[in-house]
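FYI, it's all coordinate maths here, none of it is from the lab. The model shown is predicted, which means the values in this text are computed figures rather than measured ones. With ideal geometry, Cβ positions are generated from the backbone for all residues, glycine too; neighbour counts draw on all protein chains shown.
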Amino acid sequence: MDKGITAIVVISVIAVVAAMAVIMVVMVAGGTAGGGMMNGGMDGGMMDGGSNPADEAAAEGVTQVRLENIAFSPANIVVDAGTTVTWTNYDSALHTVTSDDGGELASPTFGRNGTFSYTFDVPGEYYYRCEPHPNMKGLVTVRPG
Ligand SMILES: [Cu+2]
C-alpha cells in the first residue's frame, strides 16, 4: 500500500518536473530563435520595444531607417525636400510605416527584409508609427530643398 502511494507521488513529481522542463525549453527557444511576434518584446530591453523621436537627436543626412527590435532606428531624421527615405525591416515581426495624421505616408504591412520607400516633396514634420506596434514611433522632418 505504502509502496503504491510512494510510486504515485514519484510519478507526480516526475510529471511536474517534465512539464517545467518543457515550458523552459519553449521559453528559451522563443527567446533565442528570434522567431515570432514576441521577439521584440523579449530582445528590446523595454517591455514592448519601441522608439520615440522625442528621445533622440535628429539625425541629418540619413535616408535609410531600420525597423529592428520593434523600433525605428534612427527614429528622428531630417532630410531636404525631394529626398527618398527607405525603411527596411530586420525583424521577423511584420511592420508598417503609417502617418499619424492619416497622410499619404502609409506603407503596406511588410516582413523581414522587406522595404518601403517614400519621397518627401513637401517640407514639414511627418510623424509616423507602426500600426501593429503603437510604441514604434518615428519622425521625418523635411526642410525646404
Ligand atoms: Cu511594427
- [ ] Scan the stretch 80-93 for residues that are outside any loop (DSSP other than H, G, I, E, B) and closer than 17 Å to K137 by Cα and jot them down.
- [x] V85, T86, W87, T88, N89
- [ ] Please work out if I77 is among the hydrophobic types (A, V, I, L, M, F, W, C), surrounded by 15 or more Cβ atoms within 10 Å (Cβ to Cβ) and not in a strand (DSSP E or B).
- [x] no
- [ ] Identify, by number, the condition in (1) within 23 Å of N113 (Cβ to Cβ); (2) buried (at least 18 other Cβ atoms within 10 Å of the Cβ) that P53 doesn't meet.
- [x] (1)
Open item on the list: Just to be sure I understand, how many residues within the stretch 80-93 are within 12 Å of the ligand (Cβ to nearest atom), free of Cβ contacts under 8 Å to residues at least 40 places away in the same chain and surrounded by fewer than 20 Cβ atoms within 10 Å (Cβ to Cβ)?
Closed with: 1
- [ ] Take D55 and decide whether it is out of contact with any strand residue (DSSP E or B) (no Cβ under 7 Å at 6 or more places or on another chain) and away from the ligand (no atom under 16 Å from the Cβ).
- [x] yes
TODO: Working only within the stretch 109-136, note down all residues that are closer than 19 Å to G61 by Cα and either within 12 Å of the ligand (Cβ to nearest atom) or buried (at least 20 other Cβ atoms within 10 Å of the Cβ) (or both).
DONE: F116, F120, Y126, Y128
TODO: Go through the stretch 94-108 residue by residue and tally those that are in a loop (DSSP other than H, G, I, E, B) and either under 19 Å from N69 (Cβ atoms) or within 11 Å of the ligand (Cβ to nearest atom) (or both).
DONE: 4
